[in-house]
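> Dropping a structure here in structure tokens format, bear with me for questions.
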Amino acid sequence: MSDKQIDFAETSFAIFYLLFFAGAFGFRADTSETSVIPESIITLIRYAAYATTLMLLSLRPVETLKTALSNKWALGLIAIVTISFLWSYNPPVTIDAVWKEFIPMFLLSLYIASRFTLEQQFKIILWVLVIVFLESVALAIAMPGVGLHTDGPFVGSWKGVFAQKNQFGAHSTMTMIALFMLANYAKEKQRWALALFGGCFAALLVSSSVTALTLSFIGLMLTIFYRRFAWLGKRSVLLGSLFVLVSISFSYLLFSNWVDILAYFDRDPTLSTRTLIWHLVINYKIPNSPYLGYGRGVFWDSLSLTTGFESFAYHIPPHAHNGFLDLIIDVGLIGFSFFCVTWFMTYVRAARLAYDRKEAAYLWPLLFLSMLILFNTFESYLARLTTLYWILFIALAFSLSPKVLSSKE
């Protein structure tokens, strides 16, 4: 095979495996316990792609090892989650979750970081985002029993391939931002992306996810701010200071009048019981195992650990509706500290890169890391189950390491 054919094959594989983790094959109806695609096929895809990733990494042992060792904090975070079965409240469940979910995500992240440049990664991510979005729209139109909520309080809202409308909203938001960057900041601007951008905005409206709609505006504002104003020397310092001042003032106004504002818009002051869940998790659940957590994937499936939610938060939730709290529940404050350091280091490196290279592919890491924090404030998109966001975060953590970045350049 020629180099071009090898590149095409590996790019196609990366897109395919990312689609798997994004949920492109595991969609189902609200009232169904099984996926539309048979579970046996999904299992075959999972292990075949798992084995392929291992093979591809083994074919480039030097690049793989160099990439893995380039970010000690990210590697430490991966290690803590992986060995959390040692102190888990249910070791078999943690081992199963690590083996089937966490390690495959890490290996794919490592493969993407060691194999592709940032420009190639941006193209791959864009393909994945657009394909999943178009698939979700097609399901909502052609198979409304699958692509729409047909039960519960969100009847009629679009959810596409996802289990819930907020997940579809978050995905549409990231797709909007990526398309906006492609249309305006890419080396070769793609104006067709603006049409699809409009489609994403329309999909956000019909998803009825107010959180995602709000975050989409914030994301676009951040994109414009980072691109136009963030790198103008002394002027950027002034604008940055003003931005922080306005943000703090707005936040103070928002939180001091939280209940009144939500009541005005006829919204639940508890944010659909989120604040009740957070209170119980922070004050009663985390203190019971503060440093190392309960082990990966154990807490929310344990009846003994989730006692109290029925009377306090009116139901046992599937997760904490906050990615940071879920990470602390899994691996404690020690694991969360490794995440914070990893994110901060990666964010600083992404900011420096955006200063040097202003094209979309080099601005994308900074936007993604910013949106990752915002998304996980009200939902759980970090290391819980399998998620595209965790894969991209770890891939960027390794990709932006100076040694890896310089070798690719």
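The values are calculated or read from the model by the stated rules, or taken from the named source; none is laboratory data. Here the structure is a predicted model, which means the values were calculated and not measured. Note: ideal-geometry Cβ built from the backbone for every residue, glycine included; neighbour counts use all protein chains shown. Note: accessible area is taken over every heavy atom of the protein model, side chains too, but ligands, DNA and RNA are not part of it. Shrake-Rupley method; radii C 1.70, N 1.55, O 1.52, S 1.80 Å.
> Are any residues in the stretch 293-323 surrounded by fewer than 17 Cβ atoms within 10 Å (Cβ to Cβ), part of a helix (DSSP H, G or I) and in contact (Cβ under 8 Å) with a residue 24 or more places away in the chain, and if so, which ones?
Correct list: 301, 312.
> Restricting attention to the stretch 327-350, does a residue exist that is within 23 Å of residue 103 (Cβ to Cβ), assigned to a helix (DSSP H, G or I) and touching a Pro at 6+ places or on another chain (Cβ under 7 Å)?
yes
> Of all residues being open to solvent by less than 80 Å² (accessible area, probe 1.4 Å) and either under 24 Å from the mean Cα position of the chain (by Cα) or not polar (S, T, N, Q) (or both) in the stretch 30-40, which is modelled with the lowest pLDDT? Just the residue, please.
Looking at residues that are open to solvent by less than 80 Å² (accessible area, probe 1.4 Å) and either under 24 Å from the mean Cα position of the chain (by Cα) or not polar (S, T, N, Q) (or both), I get 30.
> Output the residues belonging to the stretch 150-169 that are outside any helix (DSSP H, G or I), in contact with a Ser or Thr (Cβ under 9 Å, 6 or more places away or on another chain) and either aliphatic (A, V, I, L, M) or surrounded by 21 or more Cβ atoms within 10 Å (Cβ to Cβ) (or both).
Residues satisfying the conditions are 158, 159, 160, 161, 162.
> So, one more: Confirm whether residue 169 is more than 26 Å from residue 385 (Cα to Cα) and small (Gly, Ala, Ser).
Here the answer is no, as residue 169 does not meet what is asked.
> Spot the failing condition for residue 399; the list is (1) buried (at least 23 other Cβ atoms within 10 Å of the Cβ); (2) closer than 27 Å to residue 285 by Cα, and only one is missed.
(2)
> Something else: Is it the case that the stretch 324-335 has a residue that's in contact (Cβ under 8 Å) with a residue 40 or more places away in the chain and open to solvent by 50 Å² or more (accessible area, probe 1.4 Å)?
yes
> Now, a different point. So in the stretch 79-107, with the set limited to residues that are among the aliphatic types (A, V, I, L, M) and without any contact (Cβ under 8 Å) to a residue 12 or more places away in the chain, which one is nearest to residue 342 (Cα to Cα)?
Out of the qualifying residues, it is 79.
> Kindly check whether there is at least one residue in the stretch 103-116 that is in a helix (DSSP H, G or I), within 17 Å of residue 346 (Cβ to Cβ) and open to solvent by 20 Å² or more (accessible area, probe 1.4 Å).
Looking through the stretch 103-116, at least one residue is in a helix (DSSP H, G or I), within 17 Å of residue 346 (Cβ to Cβ) and open to solvent by 20 Å² or more (accessible area, probe 1.4 Å).
> Kindly check whether there is at least one residue in the stretch 170-181 that is surrounded by fewer than 24 Cβ atoms within 10 Å (Cβ to Cβ) and free of Cβ contacts under 8 Å to residues at least 12 places away in the same chain.
Checked the stretch 170-181: no residue is surrounded by fewer than 24 Cβ atoms within 10 Å (Cβ to Cβ) and free of Cβ contacts under 8 Å to residues at least 12 places away in the same chain.
> Determine which member of the set 272, 256 is at pLDDT below 75, on the phi < 0 side of the Ramachandran plot and among the hydroxyl-bearing types (Ser, Thr, Tyr).
Exactly one residue qualifies, and that residue is 256.
> Tell me the residue from 112, 45, 141 that is modelled with pLDDT of 95 or more, out of contact with any Ser or Thr (no Cβ under 6 Å at 6 or more places or on another chain) and of a type in the set (A, V, I, L, M), please.
112
> Could you please find all residues in the stretch 60-71 being touching a helix residue (DSSP H, G or I) at 6+ places or on another chain (Cβ under 6 Å) and not in a helix (DSSP H, G or I)?
Within the stretch 60-71, 70, 71 meet the criteria.
> Of all residues in the stretch 126-140, which are in contact (Cβ under 8 Å) with a residue 12 or more places away in the chain, under 16 Å from residue 388 (Cβ atoms) and either open to solvent by 10 Å² or more (accessible area, probe 1.4 Å) or in contact with a Leu (Cβ under 7 Å, 6 or more places away or on another chain) (or both)?
Within the stretch 126-140, 126, 127, 128, 130, 131, 132, 135 meet the criteria.
> So which of 74, 48, 9, 79 is under 22 Å from the mean Cα position of the chain (by Cα), surrounded by fewer than 20 Cβ atoms within 10 Å (Cβ to Cβ) and part of a helix (DSSP H, G or I)?
79
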